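A.B. asks: Structure incoming, see below.
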Amino acid sequence: MGNGDVGLLSEWLRGAERAVFFGGAGVSTGSGIPDFRGKDGQYRQEWEYPLEEILGIDLFQADPSIYYRYHRTTSMTGAKPNMVHRKLAELEAAGNLSAVVTQNIDGLHQKAGSRTVWELHGSLARLYCEVCERQYDDAVLADPAVEVPRCECGGVIRPDIVFYGEGLDERVVEGAVRAIAEADVLVVGGTSLVVYPAAGLVNYYRGDKLVLINATETPYDWKADLVLRDDLVGVFSRI
Ligand code: CNA
């Protein structure tokens, strides 16, 4: 890929009034959080149970300690936004970008200053009691001696994420679909585009400036007007 391609992306973003960025775990690998399916992804690691079960609602309800042990070994706590998160926040503030749609649950877009963020899979920054729905923040996970955080009512506190086996929040999906359908530029990056229904949101874009930035091939590459098979941090530092 030559500089010319990033040049074209920059030109499209400069001229945009409601660009949307749709991203996944690859946006945060530059912050030290491993993705799932990339070259150093979590699928290549050994876990106590298959990853999809650990992140499944059935196992969480049977024994939440399995999920919380996994949670504590992933390096999301203390992670900081990288160039990609920061540039996207700048583009929104400058009036070029209308929203970020993300499959990530790390909350780093908001930390970087993005305001309209549709979190399709929820966020680890928020937790709530399964029984009385009282809201908590991630301070309840601060004490390593507490394996499973519990509410004052005795209920298990769960993260406000969408476990496998659960449906997406309709209000969030509607917001994401609206933003993508109205977008003048859609930049998709750092996602393998294999997790549904999230991946299917790309199909709501109706414009002619679909950009796909990913280190590895995706099933949607053929649809894109511009494909950058490259590192996101590298690309965004040149925008
Ligand atoms: P994925 O399936 O792991 O795909 C990530 C993609 O990004 C892969 O194709 C990589 O090749 C690519 N990639 C990784 N780093 C870079 C980089 N620096 N530059 C360019 N490309 C890169 O992840 P998806 O998001 O597609 O899958 C959806 C799952 C993963 C969602 O449910 C997430 O919640 C979940 N996840 C989230 C996080 C997080 O919140 N940071 C971390 C790990 C997994």
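The values are calculated or read from the model by the stated rules, or taken from the named source; none is laboratory data. Given the structure is predicted, the values throughout are model-derived calculations rather than measurements. Counting neighbours? That spans all protein chains shown, and the Cβs are built from the backbone with ideal geometry, glycine included. To get the accessible areas, we keep the full protein, side chains included, count just its heavy atoms, and leave off ligands, DNA and RNA. Shrake-Rupley method; radii C 1.70, N 1.55, O 1.52, S 1.80 Å.
A.B. asks: Assign unit charges at the C-beta atoms only (+1 for Lys and Arg, -1 for Asp and Glu), then state the dipole size of the stretch 65-121 relative to its Cα centre in Debye, rounded to the nearest 20.
C.D. replies: 240 debye
A.B. asks: Let me ask something else about it. Using θ = phi - 60° and the Karplus form 6.51 cos²θ - 1.76 cosθ + 1.60, what ³J(HN,Hα) does each residue of the stretch 122-138 get, whole Hz, x for Gly and Pro?
C.D. replies: 3J(HN,Hα) across the stretch 122-138, in whole Hz: x, 8, 6, 6, 10, 9, 8, 6, 5, 8, 9, 6, 4, 8, 9, 10, 6.
A.B. asks: Using only Cα atoms, tell me the angle between helix 83-93 and the longest principal axis of the chain; keep it within 0 to 90° and round to the nearest 10.
C.D. replies: Taking Cα atoms only, the helix is inclined about 70 degrees.
A.B. asks: Pop out the carbon and sulfur fraction of the accessible area of the stretch 45-173 as a percent, whole number, probe 1.4 Å.
C.D. replies: 49 percent
A.B. asks: So for the chain: antiparallel DSSP bridges make up what percent, rounded to the nearest 5?
C.D. replies: 30 percent
A.B. asks: Now, a different point. Using the Karplus equation 6.51 cos²θ - 1.76 cosθ + 1.60 (θ = phi - 60°), what ³J(HN,Hα) coupling, rounded to whole Hz, does each residue of the stretch 14-30 give in order, writing x for Gly and Pro?
C.D. replies: The phi angles translate into 4, x, 7, 10, 8, 5, 10, 10, 10, x, x, 4, x, 5, 9, 5, x Hz.
A.B. asks: Follow-up question, since we're still on this one. Can you list which of the GluC sites (Glu not before Pro) found in the stretch 1-109 are DSSP loop residues with at most 16 other C-beta atoms within 10 Å?
C.D. replies: Glu17, Glu46, Glu48
A.B. asks: Quick one: which residues, 5 or more positions from Gly56 or on another chain, have an amide H under 5 Å from its amide H? H modelled 1.01 Å from N in the peptide plane, none for Pro or chain starts.
C.D. replies: Those qualifying (amide H under 5 Å, at least 5 residues apart or on another chain) are Tyr164.
A.B. asks: Based on Cβ point charges of +1 for Lys and Arg and -1 for Asp and Glu, what charge dipole magnitude is obtained for the stretch 1-142 about its Cα centre, in debye rounded to the nearest 20?
C.D. replies: For the stretch 1-142, the charge dipole is close to 520 debye.
A.B. asks: Using a Förster distance of 25 angstrom, determine the FRET efficiency expected from the C-beta separation of Ile57 and Glu217, and round it to 0.05.
C.D. replies: Step by step, r from the Cβ atoms, then E = 0.20.
A.B. asks: Another question, if that's okay. Calculate the length of the line joining the C-alpha centroid of the stretch 1-69 to that of the stretch 113-139, in whole Å.
C.D. replies: 18 Å
A.B. asks: Next question. Under 5 Å between amide hydrogens, which residues at least 5 positions from Asp160 or on another chain qualify, with H placed 1.01 Å from N in the peptide plane?
C.D. replies: Under 5 Å from the amide H of Asp160: Ser123, Arg126, Leu127, Tyr128.
A.B. asks: Can you list which of the trypsin sites (Lys or Arg not before Pro) found in the stretch 11-113 are DSSP loop residues with at most 16 other C-beta atoms within 10 Å?
C.D. replies: Values: sites: Arg14, Arg18, Arg37, Lys39, Arg44, Arg69, Arg72, Arg86, Lys87, Lys111; in loops: Arg18, Arg37, Lys39.
Listed in order of number, the matching sites are Arg18, Arg37, Lys39.
A.B. asks: Related question: Any idea what the dipole of the stretch 147-230 comes to, in debye rounded to 20, about its Cα centre with Lys/Arg Cβ at +1 and Asp/Glu Cβ at -1?
C.D. replies: Charge dipole of the stretch 147-230: 80 debye, to the nearest 20.
A.B. asks: When we measure straight from the Cα of Lys80, which lysines land under 22 angstrom away, once same-chain ones fewer than 8 places off are left out?
C.D. replies: Filter leaves Lys39, Lys111.
A.B. asks: Answer rounded, prolate or oblate for the stretch 13-91, using the Cα gyration tensor with square roots of eigenvalues a ≥ b ≥ c: rounded when a/c is under 1.5, else prolate when a/b is larger than b/c, else oblate.
C.D. replies: prolate
A.B. asks: In whole Hz, with x marking every Gly and Pro, tabulate ³J(HN,Hα) for the stretch 191-197 from phi via Karplus 6.51 cos²θ - 1.76 cosθ + 1.60, θ = phi - 60°.
C.D. replies: The phi angles translate into 9, 6, 6, 10, 9, 9, x Hz.
A.B. asks: Oh, and also: Averaging the inverse of every distinct alpha carbon separation and then flipping it gives the Kirkwood radius. What is it for the chain, in angstrom units?
C.D. replies: About 18.6 Å, per the Kirkwood formula over Cα pairs.
A.B. asks: Could I ask something else about it? Per residue, how much accessible surface does the stretch 1-129 expose to a 1.4 Å probe? Answer in Å², no decimals.
C.D. replies: Normalised by residue count, the accessible surface of the stretch 1-129 is 46 Å².
A.B. asks: Now for a separate question. Positive end of the charge dipole of the chain (Lys, Arg +1 and Asp, Glu -1 on Cβ, about the Cα centre): tell me which of Gly41, Tyr67, Leu228 has its Cα farthest that way.
C.D. replies: Of the listed residues, the answer is Leu228.
A.B. asks: Taking Cα atoms, how many degrees apart are the long axis of helix 64-73 and the longest axis of the chain, rounded to 10 and kept between 0 and 90?
C.D. replies: The two axes meet at around 50 degrees.
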